[in-house]
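Chemist: My questions all concern the structure below.
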Amino acid sequence: MFSTVRGWLFDVYPSTKGVTLWIIDDDGKAHSYFRKYTPSFFLHMNDADARRVDALGARCPVPVSLTRTTRKEIYSGEPWDVVQVHVHDTMRFKEAVWYFERFFPHFAFYNSDILVAQSFFYETQLFPLGLGEYEIDEAGELVRWKLNDTRDATDYELPPLSVMSLRNANDFVPPKYQKHFQLEIAYDGATYLLEQQHPVEVLEAFNWHLHRCDPDVLVTEYGDSHLMPTLAALAQQHHIPLLLNRDPAAGYMTTKESSFFQYGKIVHKDGAFELAGRWHVDVNNSFTVTESDLDGLFEMARLTQTPAQRQGRASIGTSMSSLQLSWAFQNNILIPSKKREPEEFKSAATLLLADRGGLIFNPPLGFHEDIAELDFVSMYPTIMVEKNVSPETVNCRCCRNTKVPELEYTICEKREGIIPATLRTVVKKRAYYKLMKKKYKGKDEALFRRYDGRQNALKWMLVSCFGYLGYKNARFGRIEAHEAVNAFSRDAILTAKEIAEAHGFTMLHAIIDCMWLKKEGATEAEYQSLCRTIAERVGIDISLEGIYNWILFPASKQDPEIATANRYVGWYQTGEMKMRGIESRRHDTPKFIKTMQTAMLEKMGEAQTEDELRAMLPELLAIAGDFISVLRSGKANPMELVLRRHITKEAEEYTNNSISAVVSKLVESMGVHLSAGESIEFIILDQSGKRKPEKAKPLALYAFEDGYDIETYTEFALKAAATLLEPFGYSFEVLEEKFTITQKKVPRSKRKTDTTLELEFV
């Protein structure tokens, strides 16, 4: 006898019966079922080695069976005879892989490092939050299903998920720095603070709230690194079973934190603390949720067929890889566990042409009026899709007709590459979400946020796909494909420049996929017409981002005579401001400095022309002067002077006396270990280290009586003001003279609090 459940597939993970599945029905109730499942991986070897594999397979401590089959090799597209190893215990899949790797380290392993839950999704074509009718037998096994949903869907229905939020009520510093914390719980519009002193009382109260709410999703702050491990350890210590898992038979799925080198910098990744039957999402450990909220997480989990908890912690590269893995599964293509394709040999001439990156025309220094910005829409992803650029299609063995501009490379004409095949849907979906976001802006806030979250998640995938294509460790990466995309993009920009100039426009600036153009008296309609002409010729959509009343290209910090490429601020004719690269935009700028520069920018936004800007110079100088006066008085709020930096090594590895070294060692003295790539928050006390033994203090140790380094923060403020005012002759040095500081002599011991300052204009 069978029963049918209509609902959404919520969670999947390995279990003793194969995989456990959770489905949420129309009423929001969660149901647990199972499905028998046998994951597998592949080995490519000669006949003699295949016989050895058969013998070793019989002695494997994990129950396995071996069969001979055929799969396609990704680069050649040719069929390969391979051994398929079927693992009959999903809980021990990795153990089985390790067993064969130990005896055959030289073999090429395929499909061997894919999570069991994901391979289940790939093989069945199911996906998280997929709506369907699921047929269940008397034993509770999922036997068949009919999906009423697709991964490509845009206006899909979502289940009525219940959400509980957990955080440390004391958010002055991250929980890692605290020995004790107050647990704050929020759900159903109410907030509860667990103020009990004894851990047992806290755990019992927490369990009561979990039972009462029965959340589908636990959203935490620092849950992976602190809250969840702490609660689990306390529960074990006091022998109180926590109700975190919906599945009492399952344990917590945890991973260790790690630091690694990626894209030229040290990156730190917190470990994971995942649950069974309920999701745990740590907003401090999820790029997806930080950038696009839960709507972005739902979209990415569905599209990439990645369990939501894993997707929440995944990098954009990992998400891209999952799309590619799914496509490979469906097309019987072997998925290498390690990249084996070497970079091709290149002549010196080819290297010179290939290693150029995107095209950049540096802008003219200073203010400019009536400038229009044109942006190619998803330029690099579009090139990959439309030009069929993919690791296996560049310099294929079968085609020589389709040439890459400037380079000796060719593109395959006979088969579609894995990159364009997987990106096409992403490009299409994001375009739709952007249209819907625009439609509901100012009309329906909930729908606006939903579509904005979805498009933002896909935006980061599209932004990253190009870099991931050239990443040396990317599973389906290849430097020649990366170089081909750059070559096509340079050709597109140059062609667009020629078309614009032929229509009487002058190009002031261009960077990668954006152009800034000027033509006296040009209307919006003329720019729109130009966009259509360029798009028809180049084959990539280009849109009018906006027309500026004025735009400022500030001087380079290295050379005051030139501007830098991606550093500007301007006000559109619509009244909106856009900025890139300046202090207000940077994450490492103290809040106080951002506030000062933003106040100046808001005043500047009232000006329509450069002459009007020049006329308000006294007001702009007065704004800067007011902020500098507060800084110099010692009365600035220290919490607005906090700086955030990523450390590049562990405390004991520092041999110098830099601020990062000083702060790291102070944190270490608190009993808190920081790994390379983690961030630290601190306030500068004495940059020179002459007046105070400590150059800076971490926020966790800071006391208001410590004061701050007036001179250093004043320098920050002057530089931020100079960014906006230097075209009018107010460089950093001029502003330094403009704001004359007279300091009265006071006892050294009182200077932190009793210094009397006068701010004068010269």
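The values are calculated or read from the model by the stated rules, or taken from the named source; none is laboratory data. The structure presented is a predicted model; accordingly, all values stated were derived computationally and were not measured. A quick note on method: Cβ atoms are made from the backbone with ideal geometry, for glycine too, and the neighbour counts reach across all protein chains shown.
Chemist: Considering every residue within the stretch 368-379, establish whether at least one is farther than 30 Å from ASP452 by Cβ, at pLDDT below 90, in contact with a strand residue (DSSP E or B) (Cβ under 7 Å, 6 or more places away or on another chain) and assigned to a strand (DSSP E or B).
Modeler: Scanning the stretch 368-379, I find no residue that is farther than 30 Å from ASP452 by Cβ, at pLDDT below 90, in contact with a strand residue (DSSP E or B) (Cβ under 7 Å, 6 or more places away or on another chain) and assigned to a strand (DSSP E or B), so the answer is no.
Chemist: Filter the stretch 507-530 down to residues that are in a helix (DSSP H, G or I) and in contact with a helix residue (DSSP H, G or I) (Cβ under 8 Å, 6 or more places away or on another chain), then give me how many there are.
Modeler: Taking the stretch 507-530 first, the residues in a helix (DSSP H, G or I) are 524-530.
Narrowing further to those that are in contact with a helix residue (DSSP H, G or I) (Cβ under 8 Å, 6 or more places away or on another chain): 530.
Total meeting the criteria: 1.
Chemist: Name the single residue, out of those in the stretch 403-450 being among the polar types (S, T, N, Q) and closer than 13 Å to ASN388 by Cβ, that is surrounded by the fewest Cβ atoms within 10 Å (Cβ to Cβ). Before the answer, list the steps.
Modeler: Of the residues in the stretch 403-450, the ones among the polar types (S, T, N, Q) are 410, 422, 425.
From the residues that got through so far, the ones that are closer than 13 Å to ASN388 by Cβ too are 410, 422.
Working: THR410: 18, THR422: 25.
Going through the qualifying residues, I end up with THR410.
Chemist: Go through (1) touching a Leu at 6+ places or on another chain (Cβ under 8 Å); (2) in contact (Cβ under 8 Å) with a residue 24 or more places away in the chain and name the single condition ALA565 misses.
Modeler: (1)
Matching residues to (1) out of contact with any Pro (no Cβ under 6 Å at 6 or more places or on another chain); (2) outside the structural domain of GLN324 (by TED's automatic domain parsing); (3) at positive phi; (4) touching a residue at least 60 places away in the same chain (Cβ under 8 Å):
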position: ASP375; (1), (2), (3), (4): yes, yes, no, yes
position: SER378; (1), (2), (3), (4): yes, yes, yes, yes
position: THR382; (1), (2), (3), (4): yes, yes, no, yes
position: GLU386; (1), (2), (3), (4): yes, yes, no, yes
position: VAL394; (1), (2), (3), (4): yes, yes, no, yes
position: CYS399; (1), (2), (3), (4): yes, yes, no, no
position: VAL404; (1), (2), (3), (4): yes, yes, no, yes
position: LEU407; (1), (2), (3), (4): yes, yes, no, yes
position: CYS412; (1), (2), (3), (4): yes, yes, no, no
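Chemist: Can you confirm whether the stretch 125-147 contains a residue that is under 33 Å from the mean Cα position of the chain (by Cα), under 20 Å from GLY277 (Cα atoms) and modelled with pLDDT under 95? Break it down into steps so the answer makes sense when it comes.
Modeler: Step one: of the stretch 125-147, the residues under 33 Å from the mean Cα position of the chain (by Cα) are 125-132, 147.
Subsequent filtering for residues that are under 20 Å from GLY277 (Cα atoms) retains 126-132.
With the extra rule that they be modelled with pLDDT under 95, the set shrinks to none.
The answer is no; no qualifying residue exists.
Chemist: Pull out all pairs, ordered by first then second residue, where Cβ-Cβ is under 9 Å, the residues are six or more apart or on different chains, the first lies in the stretch 111-140 and is closer than 19 Å to MET300 by Cα and of a type in the set (Asp, Glu), and the second is modelled with pLDDT of 95 or more and part of a loop (DSSP other than H, G, I, E, B).
Modeler: GLU123/TYR37; GLU123/PRO39
To keep it simple, each residue is scored yes or no on (1) touching a helix residue (DSSP H, G or I) at 6+ places or on another chain (Cβ under 9 Å); (2) within 20 Å of PHE739 (Cβ to Cβ); (3) surrounded by 17 or more Cβ atoms within 10 Å (Cβ to Cβ).
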{"site": "PHE627", "(1), (2), (3)": "yes, yes, yes"}
{"site": "LEU641", "(1), (2), (3)": "yes, yes, yes"}
{"site": "GLU652", "(1), (2), (3)": "yes, no, no"}
{"site": "ILE659", "(1), (2), (3)": "no, no, yes"}
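Chemist: Tell me the residue from THR67, THR90 that is β-branched (Val, Ile, Thr) and under 34 Å from the mean Cα position of the chain (by Cα), please. I'd like the intermediate steps shown before the answer.
Modeler: Numbers: THR67 fails: under 34 Å from the mean Cα position of the chain (by Cα).
Checking each option against the conditions leaves just THR90.
Chemist: Taking the condition modelled with pLDDT of 95 or more and either among the aromatic types (Phe, Trp, Tyr) or not assigned by TED's automatic domain parsing to the domain that holds GLU576 (or both), does LEU643 pass?
Modeler: Details: modelled with pLDDT of 95 or more: no; either among the aromatic types (Phe, Trp, Tyr) or not assigned by TED's automatic domain parsing to the domain that holds GLU576 (or both): yes.
For LEU643, the condition - modelled with pLDDT of 95 or more and either among the aromatic types (Phe, Trp, Tyr) or not assigned by TED's automatic domain parsing to the domain that holds GLU576 (or both) - is not met.
Chemist: Would you confirm whether or not the stretch 474-488 contains a residue that is assigned by TED's automatic domain parsing to the domain that holds HIS368, farther than 26 Å from MET320 by Cα and either in contact with a strand residue (DSSP E or B) (Cβ under 7 Å, 6 or more places away or on another chain) or surrounded by 17 or more Cβ atoms within 10 Å (Cβ to Cβ) (or both)?
Modeler: Checked the stretch 474-488: no residue is assigned by TED's automatic domain parsing to the domain that holds HIS368, farther than 26 Å from MET320 by Cα and either in contact with a strand residue (DSSP E or B) (Cβ under 7 Å, 6 or more places away or on another chain) or surrounded by 17 or more Cβ atoms within 10 Å (Cβ to Cβ) (or both).
Chemist: Quick one: would you say PHE121 is under 22 Å from TYR13 (Cβ atoms), touching a Pro at 6+ places or on another chain (Cβ under 9 Å) and either among the hydrophobic types (A, V, I, L, M, F, W, C) or in a strand (DSSP E or B) (or both)? Let's see the steps before the verdict.
Modeler: Numbers: under 22 Å from TYR13 (Cβ atoms): yes; touching a Pro at 6+ places or on another chain (Cβ under 9 Å): yes; either among the hydrophobic types (A, V, I, L, M, F, W, C) or in a strand (DSSP E or B) (or both): yes.
Criteria met by PHE121.
Chemist: Just one of the numbered conditions (1) surrounded by fewer than 17 Cβ atoms within 10 Å (Cβ to Cβ); (2) modelled with pLDDT of 95 or more; (3) in contact with a His (Cβ under 9 Å, 6 or more places away or on another chain) is not true of VAL62; which one?
Modeler: Here VAL62 clears every test but (1).
Chemist: Kindly indicate whether ARG35 is over 22 Å from ILE335 (Cβ atoms) and either without any contact (Cβ under 8 Å) to a residue 12 or more places away in the chain or surrounded by 15 or more Cβ atoms within 10 Å (Cβ to Cβ) (or both).
Modeler: Numbers: over 22 Å from ILE335 (Cβ atoms): yes; either without any contact (Cβ under 8 Å) to a residue 12 or more places away in the chain or surrounded by 15 or more Cβ atoms within 10 Å (Cβ to Cβ) (or both): yes.
When the stated conditions are applied, ARG35 passes them.
Chemist: Residues in the stretch 608-624 that are in contact with a Leu (Cβ under 9 Å, 6 or more places away or on another chain) and either crowded, with 18+ Cβ neighbours inside 10 Å or charged (D, E, K, R) (or both): how many? Can you show your working first?
Modeler: First pass over the stretch 608-624, keeping only residues in contact with a Leu (Cβ under 9 Å, 6 or more places away or on another chain): 613, 617, 620-621, 624.
Of the ones still in play, those that are also either crowded, with 18+ Cβ neighbours inside 10 Å or charged (D, E, K, R) (or both) are 613, 620-621, 624.
Residues in the stretch 608-624 being in contact with a Leu (Cβ under 9 Å, 6 or more places away or on another chain) and either crowded, with 18+ Cβ neighbours inside 10 Å or charged (D, E, K, R) (or both): 4 in total.
Chemist: Moving on to the next point. Say whether the condition of being surrounded by 19 or more Cβ atoms within 10 Å (Cβ to Cβ), more than 30 Å from GLY477 (Cα to Cα), among the β-branched types (Val, Ile, Thr) and in contact (Cβ under 8 Å) with a residue 60 or more places away in the chain is met by at least one residue in the stretch 311-322.
Modeler: Let us first name the residues in the stretch 311-322 that are surrounded by 19 or more Cβ atoms within 10 Å (Cβ to Cβ), namely 311-314, 316-317, 319-322.
Next, from what is left, pick out any that are more than 30 Å from GLY477 (Cα to Cα): none.
No: zero hits.
The rows are residues; the columns are (1) crowded, with 16+ Cβ neighbours inside 10 Å; (2) closer than 28 Å to PRO128 by Cβ; (3) among the hydroxyl-bearing types (Ser, Thr, Tyr).
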{"site": "GLU195", "(1), (2), (3)": "no, no, no"}
{"site": "VAL200", "(1), (2), (3)": "no, no, no"}
{"site": "GLU204", "(1), (2), (3)": "no, no, no"}
{"site": "ASN207", "(1), (2), (3)": "yes, yes, no"}
{"site": "VAL217", "(1), (2), (3)": "yes, yes, no"}
{"site": "TYR222", "(1), (2), (3)": "yes, yes, yes"}
{"site": "LEU227", "(1), (2), (3)": "yes, yes, no"}
{"site": "GLN236", "(1), (2), (3)": "no, no, no"}
{"site": "LEU242", "(1), (2), (3)": "yes, yes, no"}
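Chemist: Scanning for something surrounded by fewer than 16 Cβ atoms within 10 Å (Cβ to Cβ) and farther than 30 Å from LEU294 by Cβ, does the stretch 451-472 turn up at least one residue?
Modeler: For the stretch 451-472, residues surrounded by fewer than 16 Cβ atoms within 10 Å (Cβ to Cβ) and farther than 30 Å from LEU294 by Cβ: present.
Chemist: Would you check if there is a residue in the stretch 284-297 being outside the structural domain of SER15 (by TED's automatic domain parsing) and part of a strand (DSSP E or B)? Walk me through it before giving the result.
Modeler: Residues of the stretch 284-297 that are outside the structural domain of SER15 (by TED's automatic domain parsing), as a first pass: 284-297.
Filter again for part of a strand (DSSP E or B), leaving none.
No, the stretch 284-297 contains no residue that is outside the structural domain of SER15 (by TED's automatic domain parsing) and part of a strand (DSSP E or B).
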